[in-house]
Amino acid sequence: MSSLINVLRTVPYSNKPAVIDVIAKIHSYFTCNLLIGLAILLSWKQFGGSPIECMLPLGFSGAWAQYAENYCWSEDTYYVSFGDIIENYTYQERREKRISYYQWMPFFLIFQAACFKFPTLIWKYFASQSGIRIGEILRLSSNPNNSEPRNRIENVKALTTHLGSALRFHRRLKAKTLKPHKILRFLNMKYSSHYVTVIYFIAKSAFLINVLIQLELLKRYLVPQTERFGFDTWKNLIMGNETWQESGLFPRVTLCDFEVREMGQVVNHTVQCVLLLNLFTEKVFILLYAWFVVLVTFTILNLTSWITAIFSSASREHFIFIHLEMSQDEDFDTDAGNLKKDARKHVTRFIAKYLRTDGIFLLRLIAQHADVLFTTDLVNALWKAHHDIEKQILATKATDQKWQDYLHRVESRRGSRLGSRIGSVTSLPTKKVDY
């Protein structure tokens, strides 16, 4: 329990959604608040109004009438179509036709709202363990003051420094020969160069799985006596081709059996009740069913587009090419519209060695929140940082090669004896510049 409390403390509730994208906002903010609002409306009708009214036998008035209605509300009612004879149903058959969901509708809606919020909590908690301050990154990138060149330059510089340091940390840590990292690679995933991306896709998959489960819950458990609860039933209700009398969904008129002791004898009563609440509940769940179908469609499309953007090499390269061309970097011939020689190879290396999966993901995320100019400047700044490292590596290799050539020349001039002495120098460690 204490660990759960610690997790919840790290992800305080915010009325604004976590830093993801539009689809995530629709799930965790709009849909969540919609469900909470509907739950409040249903609760007000249940606890502040008259959710059930029954036609009672003669002699039932006052306290007895209140007792009968409270009993029928709490102990469930059952639905029998008007064309059927009630006496033909046995006690067990009546029990099987009970409608027991309407009392729990507000709690069911609150549970649904919590399920829509849960993937956001997954993202906020685990993404905070990556060492990359994603919230701060997007706050700077979406700052309205970025329209001013001075502020934009400062924010680009700050993000370049932070992203460069974070990405370099993950690259170097992966290169370490740590046994725990090799043996328990999965447990050390937060130190990898794709940790944030994996958590993001887990959260987005959780959104999709959640809404699919919500549809299945509506189908199987809301009205379990209806086998064909689904798209056709909802379509008929929406179009008016089928009413609650025919479908049995959200019936307004139900029956209730209860016993009363009269003069030492137990007398059975069957009364007819009106569930006014079901008139509103039917419209609520028609709306939710249609909305969940729309959510499934757009979530699948959004997830597919993100998978393509992050894992397709052509999409990654095109994204970098576009922004480097707009930045008018010297490695690109923007006037001719063609890339200079070896530019594609350099961009591929830039993505594979410097940005890697999390870098591409963060740039895509920034591009959704910032304007094109800011994203272009940031990509260009990271590109230049990458080239500075490349130049250092090439300079180090050139120095090492000159040193080796010098040793070979000395060895060839002075003989193998002197060469053996100098050979020990070749084993001295040289300064290594990496990513």
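The values are calculated or read from the model by the stated rules, or taken from the named source; none is laboratory data. These numbers come from a predicted model, not from an experiment. Here the Cβ is made from the backbone with ideal geometry for all residues, glycine too, and neighbour counts use every protein chain on show.
So here's what we get for this one:
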| quantity | calculated |
| --- | --- |
| Tabulated pairs, the range 129-155, first in contact (Cβ under 8 Å) with a residue 12 or more places away in the chain, second buried (at least 19 other Cβ atoms within 10 Å of the Cβ) and of a type in the set (Ser, Thr, Tyr), C-beta under 7 angstrom, 6+ apart or interchain | Ser130/Tyr195 |
| Hits in the range 251-286 - residues which are among the hydrophobic types (A, V, I, L, M, F, W, C) and either exposed (fewer than 12 other Cβ atoms within 10 Å of the Cβ) or not assigned by TED's automatic domain parsing to the domain that holds Ser50 (or both) | Met263, Val266, Val267 |
| Residue list for the range 340-392, filter: charged (D, E, K, R), free of Cβ contacts under 8 Å to residues at least 60 places away in the same chain and part of a helix (DSSP H, G or I) | Arg344, Lys345, Arg349, Arg364, Lys384, Asp388, Glu390, Lys391 |
| Ala336 being aliphatic (A, V, I, L, M) and at pLDDT below 75 | yes |
| Residue satisfying condition, being part of a helix (DSSP H, G or I) and modelled with pLDDT under 80, within set Lys25, Lys45 | Lys45 |
| Selection within the range 61-84 - at pLDDT 75 or above and among the hydrophobic types (A, V, I, L, M, F, W, C) | Ala63, Trp64, Ala65, Ala68, Cys72, Trp73, Val80 |
| Residue satisfying condition, being at pLDDT 80 or above and assigned by TED's automatic domain parsing to the domain that holds Leu303, within set Phe201, Phe231 | Phe201 |
| Unique residue being under 30 Å from Phe280 (Cβ atoms) and either of a type outside the set (Asp, Glu) or loosely packed, with under 11 Cβ neighbours inside 10 Å (or both) when the list is Thr120, Thr90 | Thr120 |
| The range 107-144, residues that are outside any helix (DSSP H, G or I) and within 19 Å of the chain's Cα centre (by Cα) | Ser128, Gln129, Ser130, Ile132, Arg133 |
| In the range 263-281, residue farthest from Ala203 (Cα to Cα) [restricted to those that are without any contact (Cβ under 8 Å) to a residue 60 or more places away in the chain and touching a Lys or Arg at 6+ places or on another chain (Cβ under 9 Å)] | Val267 |
| First in the range 108-122 and under 13 Å from Ile209 (Cα atoms) and touching a residue at least 40 places away in the same chain (Cβ under 8 Å), second anywhere and surrounded by 22 or more Cβ atoms within 10 Å (Cβ to Cβ) and of a type in the set (Lys, Arg), Cβ under 8 Å, 6 or more apart | Pro119/Lys204 |
